[in-house]
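Structure, as structure tokens:
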Amino acid sequence: MRERHWRFLVGLLALLGALAVWVLATRLFPYHSLNHDEGVYLQQAAMLLEGQFVLRPPIEDAFRPWFFVDAGETLYPKYAPVPAAMFALGELLGGYRLALVGIAVGIVALVAGVAREVFDRETGVLAAVFVLCSPLFLLDSSVFLPYAPTALLNLTFAYSYLHADRTHSRRWAALAGVAIGLAFFARPYTAVLFATPFVVHALWTLGTEGRMALARQAATASFGLAGVALALAYNATLTGSPWVFPYQAFAPLDGLGFGHRRILNHEVQYSPALAVRANATVVEAFLTDWVAGGPLGSALTALGALFVAHSRRWRPSAREAVLAGVFVSIVVGNVYFWGNFNILGVLEEPGDGLIAALGPYYHFDLLLPMATFAAVGARRGAHTVRAALERRLSTRAALAVTAVALVVCAGAFAGVTAADVDDRVERNAAVTDTYETAYEPFANGTPRDAVVLLPSTYGPWLNHPFQALRNDPGFDGRTLYALNDRPFAVADAFPNRTLYRYGYRGVWAPTEGSPTAAHLQRVRDVTGSAVELNATVGIPDGAVGVTARVATDDGGAYYVTQNASDELALALSVADGRVRLDGDVAPVGNASLGVDGRDVVRLTVFVDYGPSGGFAYRFDLPVNATADGVRALSPRVEQCRNARTCGGAATYVPSAASDGVFVHSRLVARERNV
């Protein structure tokens, strides 16, 4: 193959990779993936574009993004800034997803380049095809996670190092050092595992070549160590110690090693036995489901490695040994990292966890040795078959039979690959369909000059799970997002912005098709000597009775209906430190309830269907009752299967309500004559 033909084919494959990633990123992941780390990197990228390494939230606890470390008056991300900086470059060119396209182009081209450096041009082209068709490359290059960007840096290092080794170029050696230094800054352990076989090779060259190798290896080492120094300086700036990485500051037990591992409320005793078991499962998934051809592709890789070993009389060249060593170092080294246990979800349930949607992404760099040796296996295998046939048939017949065999094998290979890709795409597409339902209130854009209160689905975090709803680094964008836990403080901090509350129906389980509906509610902020919530709720046919309960920190009071057929009218008032419910209800016993300071007045209306059950309406009214008057915000409204299922996952969505189920409410302030 001539050089210009090789460049054309590699360029064409890189272009196909760019197109595939662009389509997947924009069509399959428009709201991002199940891995909420995407929001962390995009938030960090936006910060870097504003020249910021930290956030300064206007209200404590209400604006903390997922995986950000609380450092007092500031917040900083637990991840290193290199992948985020690469994503930010895409935004400078017109959009964050352009960075994904550029990274995909680089990976395909560099895999071809590395395979060419170790073997030949034809092997390089086939290796690029293998990577391009691998589900792990296609899906993980289409999301804002660090694995593809770090792989791009590792591949740049590998190609530059091997090119320098062949040409004795100090410039290429220096580029190799820069690349691996940045890879270390991005993901230290990933870079170390990838670089280990190259370090062994570098030491071997110093022993065999002496001073001839010293200059270029010194250049690589110097620039690589500069990257390490940069990472340590970044640590010192944010955490106060060069030896404490931000992820350690976030969760000291979330790191390498065996024993007790923990991040937030998730912990496990990560024993060597569990590590081996978990990693065996991950590697098995990689070999069978996430590379081109699945088991056929893995068999080709093994065949290629066997051909290389046999042709060298079981003594491969140093460069071939480096490539094989990458496979060993990554597989063995990852046993020491408990993240591979975490991506599996429930270990006993196949198809559970993030690995089912995004694959074994900690092993992304294995695509290089897999693709290269698979390419060798394909080429050598075809030549071996042809040679065997030529000993029994004429040259023309041997070529014809070989061609037919290759077509059949290629068809089988393509069929397995297509099925694997389709299965992964379908799984993620189902999640995206659910996301589309969840984000439907924002389909026509976010409200201008507004603050949207978000539920704390997984605890006190923004962007977890709502990755698409992110704040600008300066908290001055068109729309701000805050947790619903401190609504009065948020309203006070942004008096010139309109307040909204976002909610959804169902638990947050996108893989199960939930939430089923969502709603964006306008929130009124009223103050007076008294406030009153006037509400009318629908009573569907078949109801045998309706009861109501009002609760505050002071206790609870019960009511029964006096006359309710199709609807029930209620008036909940707060004044003079007391709460009263009027309307089509009568109290049962003592209905006097007190309220003092900030409280949530909870009104629950249960519609009883007798033995067949019933459902409940619930109004959570935030109030601040003082001697000077009462302040209240529009209540969160839910419609639940029963009173026990209320509490945040059953937002009343008018468009999703059943016949006869409706809520009309209005919050007003009144002045009372004393």
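Any read-out appearing in this document is the output of simple, stated calculations on the displayed coordinates, not a laboratory observation. All of these numbers come straight from a predicted model, not from anything done at the bench. Don't worry about glycine lacking a Cβ; one is built from the backbone with ideal geometry, like all the others, and counts go over all protein chains shown.
Using Cβ counts within 10 Å as a stand-in for footprinting exposure, how do F194, F341 rank, fewest first?
F341, F194
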**Request:** Per residue, how big is the convex hull around the C-alpha atoms of region 528-670? Give it to me in cubic angstrom, could you?
**Result:** 101
**Request:** Before rounding to the nearest 500, sum -39500 (n - 2.57) across all DSSP H runs of length at least 4 in the chain and divide by the residue total; then give [θ] at 222 nm in deg cm²/dmol.
**Result:** -15500 deg cm²/dmol
**Request:** Please report Y31, Y652 as a ranked list, fewest other C-beta atoms within 10 angstrom at the top and most at the bottom.
**Result:** Y31, Y652
**Request:** Considering Cα pairs under 8 angstrom that are at least six residues apart, work out the relative contact order of the chain and quote it in whole percent.
**Result:** 12
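Using the crude model of +1 on Lys and Arg Cβ and -1 on Asp and Glu Cβ, and no other charge, please compute the dipole size for region 49-94 relative to its Cα centre, in debye to 20.
Charge dipole, region 49-94, about its Cα centre: 140 debye, nearest 20.
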**Prompt:** What whole number of Å gives the distance from the Cα centroid of region 401-468 to the Cα centroid of region 191-255?
**Reply:** 35
**Request:** Would you calculate the separation in nanometres between label points at F53 and T498, each defined as 7 Å from the Cα along the Cα-to-beta-carbon direction?
**Result:** 4.0
**Prompt:** What's the Cα-based Rg to Rh of region 99-232, Rh via Kirkwood?
**Reply:** 0.99
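Give me Rg/Rg_expected for region 443-521, where Rg uses Cα atoms only and Rg_expected = 2.2 N^0.38 Å with N residues.
With N residues counted in region 443-521, Rg over 2.2 N^0.38 Å equals 1.10.
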**Efficiency of FRET between V244 and V401 - r from beta-carbon atoms, R0 51 angstrom, step 0.05** = 0.20
**Item:** Antiparallel bridge percentage (DSSP; both residues within the chain; nearest 5)
**Value:** 90
**Asked** With the calculation restricted to Cα positions, what are the radius of gyration and Dmax of the chain in angstrom?
**Response** 30.7, 112
**Degrees, to the nearest 10: 367-390 long Cα axis against longest axis of the chain** = 40
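Calculate how large, on average over all directions, the projected area of the Cα convex hull of region 280-416 is; give the answer in nm² to one decimal.
Average projection, Cα convex hull of region 280-416: 9.7 nm².
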**Message:** Can you give me the angle between helix 395-438 and the longest principal axis of the chain, using Cα atoms only, in degrees from 0 to 90, rounded to the nearest 10?
**Reply:** 20
**Message:** With angles folded into 0 to 90 degrees, how steeply does helix 82-93 sit against the dominant principal axis of the chain? Use alpha carbons for both and round to 10.
**Reply:** 80
**Fill in**
Footprinting proxy, T479, T26: sorted fewest to most Cβ within 10 Å, the residues are T26, T479
**Asked** Among S222, I180, A249, whose Cα sits farthest toward the positive end of the charge dipole of region 163-288 (+1 at Cβ of Lys/Arg, -1 at Cβ of Asp/Glu, about the Cα centre)?
**Response** S222
**Prompt:** Label W22 and A430 with points 7 Å out from Cα along Cα→Cβ: what is the distance between them in nm?
**Reply:** 3.1
